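The values are calculated or read from the model by the stated rules, or taken from the named source; none is laboratory data. Owing to the predicted nature of the structure, the values given are computational and were not obtained by experimental measurement. Here the Cβ positions follow ideal geometry from the backbone for every residue, glycine too, while neighbour counts run over all protein chains shown.
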Amino acid sequence: MAKFKFTWAHGLMVALGSFMIFISSLVFFAGNMGEMVDENYYEKTVHYQDDIDAAKRANSLDKKPEIIEQANGYMIRFHEQPQSGEVLFLRSNNSSEDVKQPLKLNSRKEQLMHAADLIKGEYEVSIRWKQDGKNYLLKQKVNWTAPSS
(Lines give C-alpha, C1' and ligand atoms only; values in the text may rest on other atoms or scores of the structure.)
Protein backbone atom coordinates (compact mmCIF):
# COMPACT_ATOMS: atom_id res chain seq x y z
CA MET A 1 0.00 0.00 0.00
CA ALA A 2 1.30 3.44 -0.96
CA LYS A 3 2.07 5.94 1.75
CA PHE A 4 0.37 9.38 1.43
CA LYS A 5 2.79 12.30 1.34
CA PHE A 6 1.45 15.70 2.51
CA THR A 7 2.87 18.46 0.29
CA TRP A 8 2.65 22.23 0.26
CA ALA A 9 -0.13 22.04 -2.33
CA HIS A 10 -2.25 19.97 0.07
CA GLY A 11 -1.60 22.55 2.82
CA LEU A 12 -2.65 25.35 0.51
CA MET A 13 -5.92 23.54 -0.33
CA VAL A 14 -6.67 22.92 3.39
CA ALA A 15 -5.97 26.59 4.23
CA LEU A 16 -8.14 27.82 1.36
CA GLY A 17 -10.99 25.44 2.30
CA SER A 18 -10.80 26.52 5.96
CA PHE A 19 -10.94 30.19 4.95
CA MET A 20 -14.00 29.58 2.76
CA ILE A 21 -15.79 27.78 5.62
CA PHE A 22 -14.93 30.64 7.99
CA ILE A 23 -16.28 33.34 5.63
CA SER A 24 -19.44 31.30 4.93
CA SER A 25 -20.11 30.89 8.65
CA LEU A 26 -19.69 34.65 9.19
CA VAL A 27 -22.24 35.41 6.48
CA PHE A 28 -24.65 32.82 7.87
CA PHE A 29 -24.48 33.90 11.53
CA ALA A 30 -24.51 37.62 10.78
CA GLY A 31 -27.74 37.36 8.76
CA ASN A 32 -30.17 39.32 10.96
CA MET A 33 -28.49 42.08 12.93
CA GLY A 34 -31.73 43.31 14.52
CA GLU A 35 -34.62 45.50 13.52
CA MET A 36 -34.95 49.11 12.56
CA VAL A 37 -35.61 51.35 15.53
CA ASP A 38 -38.49 53.10 13.85
CA GLU A 39 -40.88 52.06 11.09
CA ASN A 40 -40.88 55.59 9.65
CA TYR A 41 -37.10 55.70 9.55
CA TYR A 42 -36.75 57.19 6.08
CA GLU A 43 -39.38 59.85 6.72
CA LYS A 44 -37.65 60.86 9.94
CA THR A 45 -34.28 61.28 8.25
CA VAL A 46 -35.79 64.03 6.11
CA HIS A 47 -36.78 65.93 9.27
CA TYR A 48 -33.55 65.21 11.15
CA GLN A 49 -32.43 68.86 11.05
CA ASP A 50 -35.63 69.81 12.91
CA ASP A 51 -34.66 67.35 15.66
CA ILE A 52 -31.16 68.83 15.86
CA ASP A 53 -32.60 72.33 16.19
CA ALA A 54 -35.12 71.20 18.83
CA ALA A 55 -32.35 69.48 20.83
CA LYS A 56 -30.20 72.64 20.69
CA ARG A 57 -33.14 74.69 21.98
CA ALA A 58 -33.70 72.21 24.82
CA ASN A 59 -30.00 72.22 25.76
CA SER A 60 -29.97 76.02 25.88
CA LEU A 61 -32.76 76.11 28.49
CA ASP A 62 -31.74 77.18 31.99
CA LYS A 63 -34.14 74.69 33.57
CA LYS A 64 -34.48 71.51 31.54
CA PRO A 65 -37.09 68.84 32.23
CA GLU A 66 -35.85 66.22 34.69
CA ILE A 67 -36.17 62.42 34.54
CA ILE A 68 -36.16 61.12 38.10
CA GLU A 69 -36.05 57.39 38.88
CA GLN A 70 -38.44 56.28 41.61
CA ALA A 71 -39.59 52.92 42.93
CA ASN A 72 -42.88 53.19 40.99
CA GLY A 73 -41.33 54.34 37.67
CA TYR A 74 -39.80 57.49 36.23
CA MET A 75 -41.09 60.92 37.19
CA ILE A 76 -40.77 63.51 34.44
CA ARG A 77 -40.76 67.01 35.88
CA PHE A 78 -41.08 70.24 33.90
CA HIS A 79 -40.32 73.70 35.27
CA GLU A 80 -42.63 75.45 32.80
CA GLN A 81 -45.94 74.18 31.44
CA PRO A 82 -45.55 73.00 27.81
CA GLN A 83 -48.36 73.41 25.28
CA SER A 84 -48.19 69.79 24.10
CA GLY A 85 -45.77 66.91 23.71
CA GLU A 86 -45.00 63.24 24.11
CA VAL A 87 -42.69 60.96 26.05
CA LEU A 88 -41.10 57.97 24.35
CA PHE A 89 -39.13 55.22 26.08
CA LEU A 90 -37.32 53.31 23.28
CA ARG A 91 -35.78 49.86 23.64
CA SER A 92 -32.98 49.30 21.16
CA ASN A 93 -33.36 45.52 21.16
CA ASN A 94 -37.15 45.15 20.85
CA SER A 95 -39.55 47.78 19.54
CA SER A 96 -42.56 45.95 20.98
CA GLU A 97 -41.29 46.97 24.45
CA ASP A 98 -41.31 50.71 23.61
CA VAL A 99 -43.52 52.92 25.75
CA LYS A 100 -45.10 56.05 24.25
CA GLN A 101 -47.37 58.45 26.09
CA PRO A 102 -48.64 61.96 25.40
CA LEU A 103 -47.59 64.62 27.89
CA LYS A 104 -50.30 64.92 30.53
CA LEU A 105 -48.76 66.81 33.41
CA ASN A 106 -50.41 67.12 36.80
CA SER A 107 -50.77 70.40 38.72
CA ARG A 108 -47.11 70.15 39.83
CA LYS A 109 -45.99 69.86 36.17
CA GLU A 110 -45.05 66.19 36.61
CA GLN A 111 -45.89 62.97 34.81
CA LEU A 112 -45.16 59.43 35.96
CA MET A 113 -44.09 56.65 33.61
CA HIS A 114 -45.36 53.66 35.59
CA ALA A 115 -43.06 50.77 36.46
CA ALA A 116 -45.75 48.37 35.23
CA ASP A 117 -45.14 49.64 31.68
CA LEU A 118 -41.36 49.25 31.90
CA ILE A 119 -39.21 46.15 31.50
CA LYS A 120 -35.82 45.78 33.16
CA GLY A 121 -33.07 47.14 30.91
CA GLU A 122 -31.85 50.20 29.05
CA TYR A 123 -34.14 52.77 27.44
CA GLU A 124 -33.48 55.87 25.40
CA VAL A 125 -35.93 58.47 26.62
CA SER A 126 -37.08 61.12 24.16
CA ILE A 127 -39.20 63.96 25.45
CA ARG A 128 -40.66 66.15 22.70
CA TRP A 129 -42.68 69.20 23.58
CA LYS A 130 -43.89 72.49 22.16
CA GLN A 131 -43.58 75.66 24.14
CA ASP A 132 -44.08 79.26 22.96
CA GLY A 133 -44.52 78.00 19.39
CA LYS A 134 -41.12 76.26 19.32
CA ASN A 135 -40.31 72.55 19.35
CA TYR A 136 -37.98 71.06 21.95
CA LEU A 137 -36.35 67.64 22.22
CA LEU A 138 -34.54 66.11 25.17
CA LYS A 139 -32.88 62.70 24.88
CA GLN A 140 -31.37 60.72 27.72
CA LYS A 141 -30.45 57.10 28.37
CA VAL A 142 -31.82 55.46 31.49
CA ASN A 143 -31.47 51.97 32.88
CA TRP A 144 -34.61 50.66 34.57
CA THR A 145 -34.07 48.13 37.33
CA ALA A 146 -37.24 46.76 38.84
CA PRO A 147 -37.43 47.47 42.58
CA SER A 148 -36.56 44.54 44.79
CA SER A 149 -39.43 43.10 46.80
*For region 51-108, enumerate the residues that are more than 16 Å from Val125 (Cβ to Cβ) and among the hydroxyl-bearing types (Ser, Thr, Tyr).*
Ser60, Ser84, Ser96, Ser107
*Hey, Ser126 hits all of (1) at pLDDT 90 or above; (2) of a type in the set (S, T, N, Q); (3) part of a loop (DSSP other than H, G, I, E, B) but one; which does it fall short on?*
(3)
*For region 110-123, enumerate the residues that are assigned to a loop (DSSP other than H, G, I, E, B) and either surrounded by 15 or more Cβ atoms within 10 Å (Cβ to Cβ) or not basic (Lys, Arg) (or both).*
Leu118, Ile119
_Residue that is modelled with the highest pLDDT, among those in region 129-149 that are loosely packed, with under 12 Cβ neighbours inside 10 Å and part of a strand (DSSP E or B)_ = Lys141
